[in-house]
Amino acid sequence: MPLSAQSRTNPPLHIGQRLLAAYDAMPRGERRLADLLLEDVGMLRHSTAGELAERAGVSKATAARLFRRLGYSGYKAAQREIRADVVAPLSEMPGTRDHAPLPHPGPYLEAEVKHLVRTFELLRADEISYAVELLRDGEKLWVVGFGDDYPLAHFARAMLIKLRPDIRILPISGFPVAEEFASISSTDTVLALAVSRRTQALRNIVGSAARAGAKIVLVADRLGVGDKAAATVILRAQSKGPTLFDSMTPTVSLLTYLCARLAARIGDPAAERLRAIHEIHTEWGDEVDPDV
């Protein structure tokens, strides 16, 4: 369904989501401008259409076609949307005022399913296969996540440690990151979570890991400045939900799928490790009898 028609029946998508949804259908020139905007969509606030086109190395006509493809009447309409995102106070956001209506389960679930499906639609088979190879072949695996991405990093490590040994996580509570990170090597792979707000700590780790020669699998909602230069492969997971909070459903599902593919790629050693883990749990009496 075209974005303009879709917006008549569903809440309009943010421009970042529109760019991701339409990206595969864009011709080369429009993709160049889309890549620029995905790195920092905030540049729309203070730049003219001509300035953006010049930075991307495309014509003004190409820029106009891109914004029409995204469902906007023109560049100014997209700019107004971005500026409104900045100036709207928290008290005006849905669900934050005392008498604001709470989101109903139906629209909420519809939005969750849409983001989940779209995340997997945008995954390229070659990129997911490459990410699996990097996670299999890394001598050590580092899982990195800060802020709201921290529990996602723990979730990823909990699955990865079932499949292969030596899975590191950053940050570790109470331990300086630099001391832990000093063990990074060119034979390692880093799984970096950048779905929520980017932190300088995450940028530091990704940049230093790239300079050390390590391979980087970046899971992100949108591209940031320098991502393409630093990351070996980028997997996108849409996170902008219908409520005040980001949706973690697509990212959790993507990580689960990634680890399932990794288990199949490792094969017998992963199965043997899972059996060994089960035997240890049984020996220690960790198994719970459901009939007791």
Hits among lysines - C-alpha to C-alpha of residue 114 under 19 Å, sequence gap 8 or more where chains match:
240
Taking a straight Cα-to-Cα line shorter than 18 Å from residue 228, and setting aside same-chain lysines fewer than 8 residues away, one finds 215
Express the accessible area of the range 148-292 per residue in Å², computed with a 1.4 Å probe while the remaining protein chains stay in the model.
52
Cross-link partners of residue 76 among lysines (Cα-Cα below 22 Å; sequence separation of 8 or more within a chain):
60
How large is the Kirkwood hydrodynamic radius of the range 136-292, counting all unique pairs of alpha carbons, in Å?
16.7
On the principal axes of its Cα set, how long, how wide and how thick is the range 202-292? Give whole Å, largest value first.
54, 39, 23
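The values are calculated or read from the model by the stated rules, or taken from the named source; none is laboratory data. All figures in this text were calculated on a predicted structure; none of them were measured in a lab. Please note that ligands, DNA and RNA were not included when accessible areas were found on the heavy atoms of the full protein model with its side chains. Shrake-Rupley method; radii C 1.70, N 1.55, O 1.52, S 1.80 Å.
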